[in-house]
Amino acid sequence: MMIKKNYCYASLALCAFTTILGCDDGHFILPRDLTKKTRKTTKAKNPFDLKKVPLKAGVVPIVVLGAGPGGLSAGLYAAAQFDTVIIAGEEPSLLTETSYVENWLGAPHQLGADLIQKSREQAESAGARIIDSTVKKVDLSKWPFTITLDDGKVMHALALIVATGARPRMLGVPGEKEYWAKGVSACARCDSLFYKNKNVMVVGGGDGAIEQAVELARYAKEVTIVHRRSQLRAAGSMQTRLKSYPQIHIMYDVDVKEVIGDKKKVTGIKLFNNQTKKQEIVPIDGVFLAIGHRPNTDLVKDVLEADSLGYIILQCSTQQTSIPGVFAAGDVADPHYRQAIVAAGDGAKAAIDAIEFLETLGFTLAEANKLRTVSNVEQKEEKQTFEK
Ligand SMILES: Cc1cc2nc3c(=O)[nH]c(=O)nc-3n(C[C@H](O)[C@H](O)[C@H](O)COP(=O)(O)OP(=O)(O)OC[C@H]3O[C@@H](n4cnc5c(N)ncnc54)[C@H](O)[C@@H]3O)c2cc1C
């Protein structure tokens, strides 16, 4: 287990439960089973005691962090059963930063931003409450989990779904942001169709660069991988794949200095050879960044088990994280697929897991209604006081 020691000291009860977490017939062990096991052996107290949860506004059955395909799908599914709040965050979903999405099932050729807007509306009409705020702090050491928003408001979640996404790493050169989605991309699987018979460059030297080059080679006339070192970092087997693609070339020892365009789209790229010290401008139609992604896990990185790149690790083919009651969905826990439809599927699974978790604790619709009534009364009183 990679759970940080400090966190464990602060939350002995949850950690005691967490460290014995294991798979049971391919599914996670629910709190009910954990309680039984723990009673027999260590007589630990049940940290998920519903009777101790205060009935007050701000206690929410399910809270979702993030409003991309992962978070919105989670909200849609969760709200069908229990009250759900989605905290949308400051930055929009990555999908809004692309132009047309061609691979969304049942709705081809949709603008990414439109897809997200429609998904928001669908989640809201299912009953999810969307708050356009950023989460400043999450405390997972005690249950219910405490979520502090950037305006200081505090919320307590009986189940939490983290769907905060991941961002592609950028080169930090002029023109890159200006021509993002106008020729600069980081997803060949998503955008290769737009480059039929065109010349494109892939920046990077790892497995991801080769994957993107191969995706692009199906459509593009020529694909050039530009790498700043004299050897690729990609695995030997990946490099062997390149031999079947005569249209893929490699430029070594080259740094990208600038992405050049005509205000509407990319037209070229400025390269600097770090061996010969020569600079050149190469005409090009598209630039694909393949220098890695950074999962948005700052809020939970010290407490949830993560892999060496920072992606949240899931338990036993579910969306459950290393802390019972905390689930993850989408790119934040997916170093491999990183597709909107996969994130949406994860979101549905995370919501179902969260609902099962609450039901196992004995949280029923009757409990949910009690909570909602208290919450409505308190919110009404707060509003009246404010209006006076
Ligand atoms: C150039 C490009 C083109 C793409 N095109 C396609 C495509 O055509 N088809 C496809 O299937 N996929 C495409 N993708 C991939 C797709 O965008 C992602 O796989 C998808 O958006 C992941 O969904 P997500 O819900 O995990 O994260 P995101 O969509 O990134 O959403 C993350 C959410 O978390 C929120 N958040 C982050 N931090 C906080 C915080 N502290 N508090 C609260 N909220 C927070 C953000 O504000 C955002 O709402 C593309 C990606 C790129 C880079």
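Bear in mind that the values in this text are calculations on the coordinates, not laboratory data. This one's a predicted model, so the numbers in the text were calculated from it and none came from an experiment. Heads up, the Cβs are rebuilt from the backbone with ideal geometry, glycines too, and the neighbour counts pull from every protein chain shown.
Given axes a ≥ b ≥ c from the Cα gyration tensor, I'd like to know whether the range 166-277 is rounded (a/c under 1.5), prolate (a/b larger than b/c) or oblate.
Here the range 166-277 falls in the oblate category.
Just grab the label-to-label distance for residue 134 and residue 111, each label 7 Å out from Cα along the Cβ direction, in nm (one decimal).
Calculated label separation equals 2.5 nm.
Given the chain reduced to its alpha-carbon atoms as identical point scatterers, what log10 I(q)/I(0) does the Debye formula return at q = 0.09, 0.13, 0.15 Å⁻¹?
Each listed q corresponds, in turn, to -0.61, -1.05, -1.24.
Can you give the FRET efficiency for residue 150 and residue 173, using 1/(1 + (r/R0)^6), R0 = 35 Å, r = Cβ-Cβ distance, to the nearest 0.05? Write down the numbers at each step before the final one.
Details: r = 31 Å, r/R0 = 0.88.
E between residue 150 and residue 173, to the nearest 0.05, is 0.70.
What is the order of 161, 269, 313, fewest Cβ neighbours within 10 Å to most?
Details: 161 31, 269 27, 313 13.
In order of increasing Cβ crowding within 10 Å: 313, 269, 161.
Under the rule that an exposed site lies in a DSSP loop and has at most 14 other Cβ atoms within 10 Å, name the longest stretch of the chain with no GluC sites (Glu not before Pro) of that kind, not counting the sites themselves.
Numbers: sites that count: 90, 102, 178.
Between the exposed loop sites, the longest stretch runs 179-388.
What length, rounded to one decimal in nm, is gained on full extension from residue 364 through to residue 243, with 0.36 nm per residue of separation minus their alpha-carbon distance?
Numbers: separation 121, 0.36 × 121 = 43.56 nm, distance 5.89 nm.
That pair, residue 364 and residue 243, stretches by 37.7 nm at full extension.
At 0.36 nm per residue, minus the direct Cα-Cα distance, what do residue 49 and residue 193 gain on full extension? Give it in nm, one decimal, please.
Details: separation 144, 0.36 × 144 = 51.84 nm, distance 5.27 nm.
Full extension of this stretch gives 46.6 nm more.
Using the Karplus curve 6.51 cos²θ - 1.76 cosθ + 1.60 with θ = phi - 60°, work out ³J(HN,Hα) for each residue of the range 62-73 in order, rounded to whole Hz, and write x for Gly and Pro.
Karplus values, whole Hz, x for Gly and Pro: 10, 10, 10, 9, x, 10, x, x, x, x, 6, 5.
What does the C-alpha gyration tensor say about the overall shape of the range 78-180? Classify as rounded when a/c is under 1.5, otherwise prolate if a/b is larger than b/c, or oblate.
Working: a/c = 2.64, a/b = 1.38, b/c = 1.92.
Oblate is the answer for the range 78-180, as a/c is 1.5 or above yet b/c matches or exceeds a/b.
Within the range 175-190, which residues have the backbone N less than 13 Å from the label spot 7 Å out from residue 218 along Cα→beta-carbon, could you tell me?
188-190
Let me have the relative contact order for the range 184-289, percent, based on Cα pairs under 8 Å that are six or more residues apart. All intermediate terms of the calculation are to be shown ahead of the outcome.
On the way: 231 pairs, mean separation 32.0, N = 106.
Over the range 184-289, the number comes to 30 percent.
What 222 nm value per residue comes from the helices of the chain, counting each DSSP H run with n ≥ 4 as -39,500 (n - 2.57) and dividing by all residues, nearest 500 deg cm²/dmol? Kindly include the intermediate steps, with their values, before the conclusion.
Working: 10 runs with 116 residues, N = 388.
Counting only the DSSP helices, I get -9000 deg cm²/dmol.
Starting from the Cα of residue 308, step 7 Å toward the Cβ, then list every residue of the range 326-344 with an amide N under 17 Å from that point.
335-336
Would you work out if the range 117-232 is rounded, prolate or oblate? Take a ≥ b ≥ c from the square roots of the eigenvalues of the alpha-carbon gyration tensor; rounded if a/c is under 1.5, else prolate when a/b is larger than b/c, oblate otherwise. List each step's numbers first, then the result.
On the way: a/c = 2.88, a/b = 2.14, b/c = 1.35.
Taking the square roots of the gyration eigenvalues as a ≥ b ≥ c, the range 117-232 is prolate.
Only bridges with both residues in the range 184-289 count here: give the DSSP antiparallel percent, nearest 5. If you can, show how the numbers build up before the last one.
Working: 12 of 27 bridges.
Once the DSSP bridges in the range 184-289 are tallied, antiparallel ones form about 45 percent.
If I model a spin label at residue 125 and residue 317 as a point 7 Å from the Cα along the Cα→Cβ vector, what separation in nanometres do I get?
Label-label distance for residue 125 and residue 317, simple model: 3.5 nm.
Kindly flag which residue pairs out of 221/277; 52/301; 264/301 have an alpha-carbon separation exceeding 32 Å in this structure.
Numbers: 221/277 29 Å; 52/301 28 Å; 264/301 39 Å.
Violating the 32 Å Cα-Cα cut-off are 264/301.
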